[in-house]
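See structure below.
The values are calculated or read from the model by the stated rules, or taken from the named source; none is laboratory data. Owing to the predicted nature of the structure, the values given are computational and were not obtained by experimental measurement. Note that each Cβ is placed from the backbone with ideal geometry, even for glycine, and that neighbours are counted across all protein chains shown.
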Amino acid sequence: MVLRLYDTMAREKRPFVPVDPARVTLYVCGPTVYNYAHIGNARPVMAFDVLFRLLRALYGADHVLYAANVTDVDDKINLKATQEGVPIGTITQRYLDAYHADMSALGALKPSFEPRATQTMDAIIAMISRLVRNNAAYGAEGHVLFNTQAYGDYGKLSRRSLDDMIAGARVEVAPYKQHPADFVLWKPSKPGEPVWESPFGPGRPGWHIECSAMIEETLGLPVDIHGGGNDLIFPHHENEIAQGMCADHVATYANYWLHNGFVNAGSQKMSKSLGNVALVHDLVTHVPGEVLRWALLASHYRQPLAWTNDVVDQARSALDTLYGALRRAKETPAESDGPSDAFMDALFDDLNTPKANAELFALARLLETGSPAERARAKGQLLAGGALTGFLQADPQSWFQGGADVALRARVDALIARRVSARAAKDWASADRIRAELTALNVEVMDSEDGATWKLKERV
Ligand SMILES: [Zn+2]
């Protein structure tokens, strides 16, 4: 079996062949840090974290380089900084720290590089200068614009012609543009906005140029795999390609383009104005990160995902089943030399995580019903598969005591302490009421001479 990935440029699954197996490169467009990440922002992080882990398993951890940028200069950041009366760095650091904490709660590995726009300014300015020199960019009214007519393949990724783009009004029309599809590389800063000196005058970069400059600086062109949400195909990725190709005259910008599907709030678009945005920062206070990770990876990354409470409940019950099997098999040794073939085949088929998860269930069944040799092998393969995709590494016993769910654990411990005091005071009515509260939380209390212990009941 070979790894096959669906390449948006080719519109088909292609066998993955890196330019240099000793230096496999992956770039993913990262967050703009002006607010907490919502569950839709976490989806590409999860999907490409699985890809990063798989590539590390295939080529060796030291042979895979993964860069994800941080956009830390942007209109929304400027607006928030003005509203709060603080420098933009205060805003960006606050939300970058929260982003790191939230993604790590979901089990995402740290990328090898996390370049920030404000720290890549020299490379951005150098790239714009090269584009001007190569007649692929021009200055107009304090702006520098990319000349889309200078790049013959513009629109190839999104399969749109320049005429379609104008007709579809997908581009901002401005009087200083030579062509309506031309886009900003550099623009003057408004009063009070952050500003950098450049050969084109004081100002700040457009968004698209940031990624091209960062790829060049951290990974080099061409990159093996470029990823992001499918809303970035046009214009962001189209513009990235045009910039990279015209600045450096390389044969290709990225050899594989991977795009993940959107996350909706049930049947609605997730949006602030509808008040249905699920923030990872809020979710992790009462749902274990591993449950959210499972919920995000239970659908194939290219499919749209309707985020509902049911999706979260199903994820929790799936993990309860797997951890339950592991807990009952406490005495069974784990023997394997890696994940099962069926599990790897699923991941090799364009990261089919739902299929890989189903294989974990098959192994859990074998762990409960097989011969001693089959059970030992099933346990080893279950744990190895889970380790590859970032699951099942917690102690099964502690999983049923709230696992990573710190808030729940604190709440249950507090209730049990109150119940102990109520019983000591012979206040049986309060003790019963607290017990009922614990039952409602799915908690089973075991009283013994040494005090009370508890566990979460498995859901069926
Ligand atoms: Zn990007």
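Which one of these is modelled with pLDDT of 85 or more and among the small types (Gly, Ala, Ser): Ala404, Ala410, Ala394?
Ala394 is the lone residue from the list that is modelled with pLDDT of 85 or more and among the small types (Gly, Ala, Ser).
Checking His286 against (1) surrounded by fewer than 22 Cβ atoms within 10 Å (Cβ to Cβ); (2) out of contact with any helix residue (DSSP H, G or I) (no Cβ under 8 Å at 6 or more places or on another chain), which test does it fail?
Of the numbered conditions (1) surrounded by fewer than 22 Cβ atoms within 10 Å (Cβ to Cβ); (2) out of contact with any helix residue (DSSP H, G or I) (no Cβ under 8 Å at 6 or more places or on another chain), the odd one out for His286 is (2).
Can you name the residue in the range 25-64 that is more than 16 Å from the chain's Cα centre (by Cα) and part of a loop (DSSP other than H, G, I, E, B) and, of all such residues, is modelled with the highest pLDDT?
Filtering the range 25-64 for residues that are more than 16 Å from the chain's Cα centre (by Cα) and part of a loop (DSSP other than H, G, I, E, B), the one modelled with the highest pLDDT comes out as Gly60.
Yes or no, residue by residue, for (1) within 25 Å of Leu51 (Cα to Cα); (2) in contact with a Gly (Cβ under 7 Å, 6 or more places away or on another chain); (3) modelled with pLDDT under 95:
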{"site": "Thr332", "(1), (2), (3)": "no, no, no"}
{"site": "Pro339", "(1), (2), (3)": "yes, yes, no"}
{"site": "Asp349", "(1), (2), (3)": "yes, no, no"}
{"site": "Asn352", "(1), (2), (3)": "yes, no, no"}
{"site": "Leu366", "(1), (2), (3)": "no, no, no"}
{"site": "Pro372", "(1), (2), (3)": "no, no, no"}
{"site": "Leu383", "(1), (2), (3)": "yes, no, no"}
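Name the one entry in Leu232, Leu221 that is within 16 Å of the ligand (Cβ to nearest atom) and in a helix (DSSP H, G or I).
Leu232
Identify all residues within the range 198-207 that are within 14 Å of the ligand (Cβ to nearest atom), of a type outside the set (Gly, Ala, Ser) and surrounded by fewer than 23 Cβ atoms within 10 Å (Cβ to Cβ); write none if there are none.
Correct list: Trp207 only.
From His226, His237, which residue is within 16 Å of the ligand (Cβ to nearest atom), in a helix (DSSP H, G or I) and surrounded by 22 or more Cβ atoms within 10 Å (Cβ to Cβ)?
His237
Which one of Ala22, Ala67 is modelled with pLDDT of 95 or more and either in a strand (DSSP E or B) or of a type in the set (Lys, Arg) (or both)?
From the options Ala22, Ala67, the qualifying one is Ala67.
Filter the range 10-19 down to the residues that are exposed (fewer than 15 other Cβ atoms within 10 Å of the Cβ), in a loop (DSSP other than H, G, I, E, B) and of a type outside the set (Val, Ile, Thr) and list them by number.
Those that are exposed (fewer than 15 other Cβ atoms within 10 Å of the Cβ), in a loop (DSSP other than H, G, I, E, B) and of a type outside the set (Val, Ile, Thr): Ala10, Arg11.
Kindly indicate whether any position in the range 350-371 is farther than 27 Å from Gln397 by Cβ, in contact (Cβ under 8 Å) with a residue 40 or more places away in the chain and surrounded by 21 or more Cβ atoms within 10 Å (Cβ to Cβ).
Yes.
Yes/no matrix, rows are residues, columns are (1) closer than 18 Å to Val223 by Cα; (2) among the basic types (Lys, Arg); (3) surrounded by 24 or more Cβ atoms within 10 Å (Cβ to Cβ):
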| site | (1), (2), (3) |
| --- | --- |
| His38 | no, no, no |
| Phe48 | yes, no, yes |
| Tyr59 | yes, no, no |
| Asn69 | yes, no, yes |
| Thr90 | no, no, no |
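Would it be correct to say that Gly85 is away from the ligand (no atom under 16 Å from the Cβ), under 14 Å from the mean Cα position of the chain (by Cα) and on the phi > 0 side of the Ramachandran plot?
no
Considering each of Ala213, Ala306, Ala251, Ala295 in turn, give the residue that is of a type in the set (Gly, Ala, Ser), in a helix (DSSP H, G or I) and away from the ligand (no atom under 12 Å from the Cβ).
The match here is Ala295.
Just to be sure before I move on: is Ala67 closer than 27 Å to Arg159 by Cα and out of contact with any Ser or Thr (no Cβ under 7 Å at 6 or more places or on another chain) in the structure I sent?
no
May I ask you to verify whether Ser161 is more than 23 Å from Thr8 (Cα to Cα), of a type in the set (S, T, N, Q) and more than 16 Å from the ligand (Cβ to nearest atom)?
Criteria not met by Ser161.
Per-residue answers, yes or no, for (1) assigned to a helix (DSSP H, G or I); (2) not charged (D, E, K, R):
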| site | (1), (2) |
| --- | --- |
| His286 | no, yes |
| Val311 | yes, yes |
| Ala318 | yes, yes |
| Gly324 | yes, yes |
| Asp345 | yes, no |
| Lys355 | yes, no |
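Which residue pairs have Cβ atoms under 8 Å apart, sit 6 or more places apart or on different chains, and have a first residue in the range 72-83 that is without any contact (Cβ under 8 Å) to a residue 40 or more places away in the chain and over 12 Å from Thr118 (Cα atoms) and a second that is in a helix (DSSP H, G or I) and not small (Gly, Ala, Ser)?
Ala81/Ile88; Ala81/Thr90; Ala81/Ile91
Name every residue in the range 170-197 that is charged (D, E, K, R) and either part of a loop (DSSP other than H, G, I, E, B) or surrounded by fewer than 17 Cβ atoms within 10 Å (Cβ to Cβ) (or both), in order of residue number.
Arg170, Glu172, Lys177, Asp182, Lys190, Glu193, Glu197 - these are the residues of the range 170-197 that are charged (D, E, K, R) and either part of a loop (DSSP other than H, G, I, E, B) or surrounded by fewer than 17 Cβ atoms within 10 Å (Cβ to Cβ) (or both).
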